[in-house]
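Asks: Please see the structure below; I have some questions.
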Amino acid sequence: MGMRKIASLAVALCMAAGAAAQDTLLSYRLNLVKHPVTKKYGYAFKEQNINSPIRGLTKTAVNMFGKNASMLIGKDDAENIDWAVPPQYDKAARKYSENLAAVEVGGKVGFIDLRNRFVIEPVYEPMDSYEGFSNGVAAVRKDSLWGYIDKEGRTVIPFEYEDADPFEEELVAAVKKDGRWGAIDITGAVVVPFGSKTKMALKTVPVSNKEWRAAKKEAREKRANGAYDEALGRLHEASRRVNGRIAEGTMQRLEYHSIGGADSTGVADQYGRCIVPAGFDKVTYDSDDRVYIVEKDGRKGAYLYNGTRLIRPCFDTMALFEGGRSQVTASGVEGWIDTDGNLSENLLADMARKGIATEETSKAEARRIYERILDINPEYATAYNNIALLDIANRDYNKGMRKLKLANELAPEDTTIAKNLKWAKESRKERRSERWMAGLSIASAIIGVASTTYSTYSAIKGGGGTPSAGGGTYTTDTGSDYSGGSGGGNGKAGAASKKCMTCLGSGTCTGRGMSSKYHCHGSGKCGYCEGGTTGMGPSETICSACHGRDVCKYCKGTGKCEDCHGTGTR
């Protein structure tokens, strides 16, 4: 999305620092997401709306992100995702653990924080899965062997194992050596000899896992008795120092180089992470605030130094940052944006007011202003509300209703939007009622038997006049308009089609809808009595449609469509 949650993320990080002494986990709601185009992984905020200003749709991302680092989204939707960590990595941990996440880039594995800074440099080898830190240590792979490091990247258990699991709650971990599985405790001491052929045999198979269960029980007792206090103390102290640094706003020093061509400029860092995607017309580096200002098709946006998109290209002008703030203009309205993603309070409101004033002279231009607002902030409810009213005024009721519902969802406390939505719903009911009555009136005129149904419906509605027969405009299956009339419809096709709409091009005497059974369908005989001179009721001896003449009253016995005279075209 254009507007990010950088400021709220900074607050969450500060809260984590305050609880760092207890090594409390930072519980920020993020999901691992694979970008559908680049196939790179990043982390996105769970609770967000993925909106398309044109379609006026909303989807809650928390319901779309899957457990296995995937989400079924399209390219356009991906552009609207609010990334906490941009999609820069070939592989990544499913979630953050103890404020860090293992990521793979350029064939190496390191650990990043929530600001996308490498707390532990990517120097380790790729692994099948990235479990991350537990109890202050993480299993990593180097020179084809596994060992354990603390959150400052120091080796706490040597690299001497062929495979290794994270430490469980009891401070015991399964490790493999010389082709056999055993277990060690948090100090690195062997607590289960290396004798099992498989990890399953060691940990889960009944009877054979007896030593594993006994080791975990003994480890629980040692922990309770303080036997691990010294080792845990060192790990917790390292975690406390790292958590403090994570909460600081210090920017990591990065080295940059250009990617792409002259007409498709981008930027990458020394780790191979894409900082600014290739494809922009121009990229300008603001060295004071370490922000990249980008330009595409005359619109300007910005990326932060670590690849986080601050704002998509949506401004007409964007000055270099001074003290973390850049002066911007959009649709002739001035404002500012800072490096935390905050906008000046007046910018969007002034743009909305300008749009309202512009409606008097050009509703199309007003719509463009509202859509520009949504480019800047796709969650700005007022813009959806105003576009919805334009849609409804233009008789595009469905689009208008969708946008009003979205505006109400984004700003449920806004009484004006709520009233507009209520009015739109009520007017929609009235429109449906009018269409129903008009349709029944036309059917009555065509076939002469629907008056009872129409009268009943009118009574239910509380009375009211009967629309004149033959009124109303319909849309055909082919998208052409034709007007209803008496005697089976006038059969006039829309200008876009030459097909006769009474017989649908068949050339035979064929009606549509309820009137179809009264036509002869090419036989020339009365379609109502089929030439039998008998009416509907048991007392009738003469057909009310053909008056006993057995001849179809529409084609006069010719069997040809009365409107196209059998040609199939108008």
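The values are calculated or read from the model by the stated rules, or taken from the named source; none is laboratory data. Bear in mind the structure is a predicted one, so any value in this text is a computation, not a measurement. Glycine also receives a Cβ, built like all others from the backbone with ideal geometry; neighbour counts cover every protein chain displayed. Heavy atoms of the whole protein, side chains included, go into the accessibility calculation; ligands, DNA and RNA do not. Shrake-Rupley method; radii C 1.70, N 1.55, O 1.52, S 1.80 Å.
Okay, residues lined up against (1) of a type outside the set (A, V, I, L, M, F, W, C); (2) at pLDDT below 70; (3) under 59 Å from the mean Cα position of the chain (by Cα):
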position: Thr502; (1), (2), (3): yes, no, yes
position: Tyr518; (1), (2), (3): yes, yes, yes
position: His521; (1), (2), (3): yes, no, yes
position: Glu540; (1), (2), (3): yes, yes, no
position: Ala545; (1), (2), (3): no, yes, yes
position: Tyr554; (1), (2), (3): yes, no, yes
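Asks: Oh, and also: Restricting to region 296-315, name every residue that is assigned to a loop (DSSP other than H, G, I, E, B) and either touching a Lys or Arg at 6+ places or on another chain (Cβ under 7 Å) or open to solvent by less than 30 Å² (accessible area, probe 1.4 Å) (or both).
Replies: Our first condition is that a residue be assigned to a loop (DSSP other than H, G, I, E, B); within region 296-315, this holds for 297-298, 305-308.
If the condition is that a residue be assigned to a loop (DSSP other than H, G, I, E, B) and either touching a Lys or Arg at 6+ places or on another chain (Cβ under 7 Å) or open to solvent by less than 30 Å² (accessible area, probe 1.4 Å) (or both), then Tyr305, Asn306, Gly307, Thr308 are the ones that fit.
Asks: Okay, next question. Looking at region 272-280, is at least one residue more than 31 Å from the chain's Cα centre (by Cα) and without any contact (Cβ under 8 Å) to a residue 40 or more places away in the chain?
Replies: Residues of region 272-280 that are more than 31 Å from the chain's Cα centre (by Cα), as a first pass: none.
The answer is no; no qualifying residue exists.
Asks: Ok, one more. Just to be sure I understand the filter: pairs with C-beta atoms under 6 Å, separated by 6 or more residues or on different chains, first member in region 319-336 and aliphatic (A, V, I, L, M), second member in a loop (DSSP other than H, G, I, E, B) and at pLDDT 95 or above. Which pairs pass?
Replies: Going by the 6 Å Cβ cut-off, the qualifying pairs are Ala330/Asp316.
Asks: Just checking, which of Gly195, Gly188, Gly233, Gly182 is within 22 Å of Ala138 (Cβ to Cβ), in contact with a Gly (Cβ under 8 Å, 6 or more places away or on another chain) and not hydrophobic (A, V, I, L, M, F, W, C)?
Replies: On the way: Gly195 fails: within 22 Å of Ala138 (Cβ to Cβ); Gly188 fails: in contact with a Gly (Cβ under 8 Å, 6 or more places away or on another chain); Gly233 fails: in contact with a Gly (Cβ under 8 Å, 6 or more places away or on another chain).
That would be Gly182, the only listed residue that is within 22 Å of Ala138 (Cβ to Cβ), in contact with a Gly (Cβ under 8 Å, 6 or more places away or on another chain) and not hydrophobic (A, V, I, L, M, F, W, C).
Asks: So Glu169 fits all but one of (1) surrounded by 15 or more Cβ atoms within 10 Å (Cβ to Cβ); (2) closer than 23 Å to Thr155 by Cα; what number is the exception?
Replies: (1)
Asks: Let me ask something else. When Asn385 is evaluated against the numbered criteria (1) open to solvent by less than 20 Å² (accessible area, probe 1.4 Å); (2) free of Cβ contacts under 8 Å to residues at least 60 places away in the same chain; (3) out of contact with any strand residue (DSSP E or B) (no Cβ under 8 Å at 6 or more places or on another chain); (4) within 26 Å of Ile293 (Cβ to Cβ), which criterion, by number, is the only one it fails?
Replies: The single condition Asn385 does not satisfy is (4).
Asks: Would you be able to say whether some residue in region 217-227 is in contact with a Ser or Thr (Cβ under 9 Å, 6 or more places away or on another chain), open to solvent by less than 50 Å² (accessible area, probe 1.4 Å) and farther than 20 Å from Ser129 by Cα?
Replies: Of the residues in region 217-227, the ones in contact with a Ser or Thr (Cβ under 9 Å, 6 or more places away or on another chain) are 227.
Those left that are additionally open to solvent by less than 50 Å² (accessible area, probe 1.4 Å): none.
Within region 217-227 (the criterion being in contact with a Ser or Thr (Cβ under 9 Å, 6 or more places away or on another chain), open to solvent by less than 50 Å² (accessible area, probe 1.4 Å) and farther than 20 Å from Ser129 by Cα), the answer is no, since none of the residues qualifies.
Asks: If you scan region 172-190, which residues turn out to be within 24 Å of Glu221 (Cβ to Cβ) and either surrounded by fewer than 21 Cβ atoms within 10 Å (Cβ to Cβ) or touching a residue at least 60 places away in the same chain (Cβ under 8 Å) (or both)?
Replies: Of all residues in region 172-190, those within 24 Å of Glu221 (Cβ to Cβ) come to 172-175, 181-190.
Once the filter is applied, which keeps residues that are within 24 Å of Glu221 (Cβ to Cβ) and either surrounded by fewer than 21 Cβ atoms within 10 Å (Cβ to Cβ) or touching a residue at least 60 places away in the same chain (Cβ under 8 Å) (or both), region 172-190 yields Thr187, Gly188, Ala189, Val190.
Asks: Of all the helices (runs of 4 or more DSSP H) wholly in region 161-274, which have at least 3 residues that are small (Gly, Ala, Ser)? Let's see the steps before the verdict.
Replies: Values: elements: 199-203, 210-224, 229-247.
Once the helices (runs of 4 or more DSSP H) in region 161-274 are filtered for at least 3 residues that are small (Gly, Ala, Ser), what remains is 210-224, 229-247.
Asks: To continue, here is another question. Does region 85-102 contain any residue that is under 15 Å from the mean Cα position of the chain (by Cα), at pLDDT below 90, under 30 Å from Val242 (Cα atoms) and open to solvent by 10 Å² or more (accessible area, probe 1.4 Å)? Walk me through how you get there before you give the answer.
Replies: Step one: list which residues in region 85-102 are under 15 Å from the mean Cα position of the chain (by Cα), which gives none.
Scanning region 85-102 turns up no residue that is under 15 Å from the mean Cα position of the chain (by Cα), at pLDDT below 90, under 30 Å from Val242 (Cα atoms) and open to solvent by 10 Å² or more (accessible area, probe 1.4 Å).
Asks: Take the residues in region 113-143 that are within 19 Å of Lys199 (Cα to Cα) and in a loop (DSSP other than H, G, I, E, B), then tell me which one is most open to solvent (accessible area, probe 1.4 Å). Can you show your working first?
Replies: First, pick out the residues of region 113-143 that are within 19 Å of Lys199 (Cα to Cα): 127-131, 138-141.
Among the residues that remain, those that are also in a loop (DSSP other than H, G, I, E, B) are: 127-131.
Working: Met127: 16, Asp128: 148, Ser129: 61, Tyr130: 21, Glu131: 113 Å².
Looking at the filtered set, the residue picked out is Asp128.
Asks: So which of Glu379, Glu365 ends up being open to solvent by 40 Å² or more (accessible area, probe 1.4 Å), closer than 25 Å to Asp316 by Cβ and at pLDDT below 90?
Replies: Values: Glu365 fails: at pLDDT below 90.
Residue meeting the stated conditions: Glu379.
Asks: Would you tally the residues in region 373-397 being in contact with a Pro (Cβ under 9 Å, 6 or more places away or on another chain) and farther than 15 Å from Glu409 by Cα?
Replies: Total satisfying the criteria: 4.
Asks: Something else now. Say whether the condition of being more than 26 Å from the chain's Cα centre (by Cα) and not basic (Lys, Arg) is met by at least one residue in region 308-316. Working first, answer last.
Replies: Taking region 308-316 and keeping what is more than 26 Å from the chain's Cα centre (by Cα), we get 316.
Add one more test, that the residue is not basic (Lys, Arg), and what stays is 316.
Checked region 308-316: at least one residue is more than 26 Å from the chain's Cα centre (by Cα) and not basic (Lys, Arg).
Asks: For residues that are closer than 25 Å to Thr204 by Cβ and either surrounded by 21 or more Cβ atoms within 10 Å (Cβ to Cβ) or at pLDDT below 95 (or both), tally how many sit in region 151-164.
Replies: Here the count works out to 3.
Asks: In addition: Under 6 Å by Cβ, and 6 or more places apart or on different chains, what pairs join a residue from region 558-570 that is of a type in the set (A, V, I, L, M, F, W, C) with one that is in a loop (DSSP other than H, G, I, E, B) and modelled with pLDDT of 85 or more?
Replies: Cys561/Gly507; Cys561/Cys509
Asks: Could you identify the single residue in Glu211, Glu248 that is of a type in the set (Asp, Glu) and either surrounded by 16 or more Cβ atoms within 10 Å (Cβ to Cβ) or over 30 Å from Asp288 (Cβ atoms) (or both)? Give the derivation first.
Replies: On the way: Glu248 fails: either surrounded by 16 or more Cβ atoms within 10 Å (Cβ to Cβ) or over 30 Å from Asp288 (Cβ atoms) (or both).
Exactly one residue qualifies, and that residue is Glu211.
Asks: Limited to region 330-359, what total is found for residues that are surrounded by fewer than 17 Cβ atoms within 10 Å (Cβ to Cβ), of a type in the set (Gly, Ala, Ser) and part of a helix (DSSP H, G or I)?
Replies: Counting residues in region 330-359 that are surrounded by fewer than 17 Cβ atoms within 10 Å (Cβ to Cβ), of a type in the set (Gly, Ala, Ser) and part of a helix (DSSP H, G or I) gives 2.
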